[in-house]
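K.L.:
My questions all concern the structure below.
The values are calculated or read from the model by the stated rules, or taken from the named source; none is laboratory data. Note that the structure is a prediction, hence the values are computed from the model and not measured. Here Cβ is always computed from backbone atoms with ideal geometry, including for glycine, and neighbour counts include all displayed protein chains. To get the accessible areas, we keep the full protein, side chains included, count just its heavy atoms, and leave off ligands, DNA and RNA. Shrake-Rupley method; radii C 1.70, N 1.55, O 1.52, S 1.80 Å.
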Amino acid sequence: NELVRNATANETIGSHVAKWCCRLLSECDPQLVPGEIALGLAEQFELNHVALRLWNLSDLPDHGYGEPVSDDVRTFTDSLKTPYVGADTAFEAVAWLDAKPKSLALVPLRLEADGAAVGLLVLGSDDPERFTPEMGTTFLESVGQLASAALHRLNPASPKA
């Protein structure tokens with residue numbers, strides 16, 4: 001029974017990821033992609049709190065999702081090899097949320113798999129069991145990879161000579 005429950009839960013999550021991905025792919029305006037990342041995740045996964053900050057992308061304004069972040073946030077985000085899940089332990093980025101969550105996930109965004117981070121996605125829940133250190137991060141890693149791929153639209157390749 002537990003295997004069936006887990007399979008059903010994974011199927012549901014996979015369906016939500018696919019719907020969110022379709023939303024990202026259908027956005028034609030690169031400037032609206034960050035909003036689709038954040039708002040789409042909030043809607044698809046019924047998240048109470050979502051924040052996103054991006055940096056080092058050439059076509060990103062310095063307000064909203066492109067608002068400046070501290071060097072500490074950038075260094076911390078670069079250090080994340082997988083998403084962090086668990087309680088807030090006074091992470092600076094949690095202040096980007098509209099309220100303090102009971103549990104959170106911090107997902108680094110990178111244009112290249114082993115490259116420097118270009119953003120941090122902060123997902124918060126009022127449910128203390130939503131994001132726990134015991135949970136797997138495979139789906140969160142996929143969300144980070146898909147969001148990062150969509151962000152390539154904000155960092156167009158330099159023109160060829």
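K.L.:
Go ahead and collect, in residue order, the members of the stretch 116-135 whose backbone nitrogen is under 17 Å from a label point 7 Å along the Cα-Cβ direction of Thr82.
P.N.:
Hits in the stretch 116-135 for Thr82 at 17 Å: 131-135.
K.L.:
Which distance in nm do the two modelled labels at Ser15 and Ser70 give, with both placed 7 Å along the Cα-to-Cβ direction?
P.N.:
Label-label distance for Ser15 and Ser70, simple model: 4.2 nm.
K.L.:
What ³J(HN,Hα) values, in whole Hz, does the Karplus curve 6.51 cos²θ - 1.76 cosθ + 1.60 give for the stretch 129-138 when θ = phi - 60°, with x put for Gly and Pro?
P.N.:
With coefficients 6.51, -1.76 and 1.60, one gets 9, 5, 10, 10, x, 7, 7, x, 10, 4 Hz.
K.L.:
Further question: Relative to the compact-globule scaling 2.2 N^0.38 Å, provide the ratio for the alpha-carbon radius of gyration of the stretch 1-147. Numbers along the way, then the final one.
P.N.:
Details: Rg = 15.0 Å, N = 147, 2.2 N^0.38 = 14.7 Å.
Its radius of gyration relative to the 2.2 N^0.38 Å reference: 1.02.
K.L.:
What does the accessible area per residue of the chain come to in Å², with a 1.4 Å probe and no ligands, DNA or RNA counted?
P.N.:
Values: 9000 Å² over 161 residues.
Averaged over the residues of the chain, the accessible area is 56 Å².
K.L.:
Next question, about the same structure. To the nearest 20 debye, what charge dipole does the chain have about its Cα centre, counting +1 at the Cβ of each Lys and Arg and -1 at the Cβ of each Asp and Glu? Intermediate values should be presented prior to the final figure.
P.N.:
Numbers: 12 positive and 23 negative charges, 65 e Å.
So the dipole magnitude of the chain works out to roughly 320 debye.
K.L.:
Roughly how many percent of the accessible protein surface of the chain is carbon and sulfur, given a 1.4 Å probe and a whole-percent answer? Show your work: numbers first, answer last.
P.N.:
Working: 4860 of 9000 Å².
Exposed carbon and sulfur together represent 54 percent of the surface.
K.L.:
At a 10 angstrom cut-off on C-beta neighbours, averaged per residue, how do the peptides 93-99, 4-10 rank from highest to lowest? Numbers along the way, then the final one.
P.N.:
On the way: 93-99: 14.9, 4-10: 10.0.
Ranked by mean Cβ neighbours within 10 Å, highest first: 93-99, 4-10.
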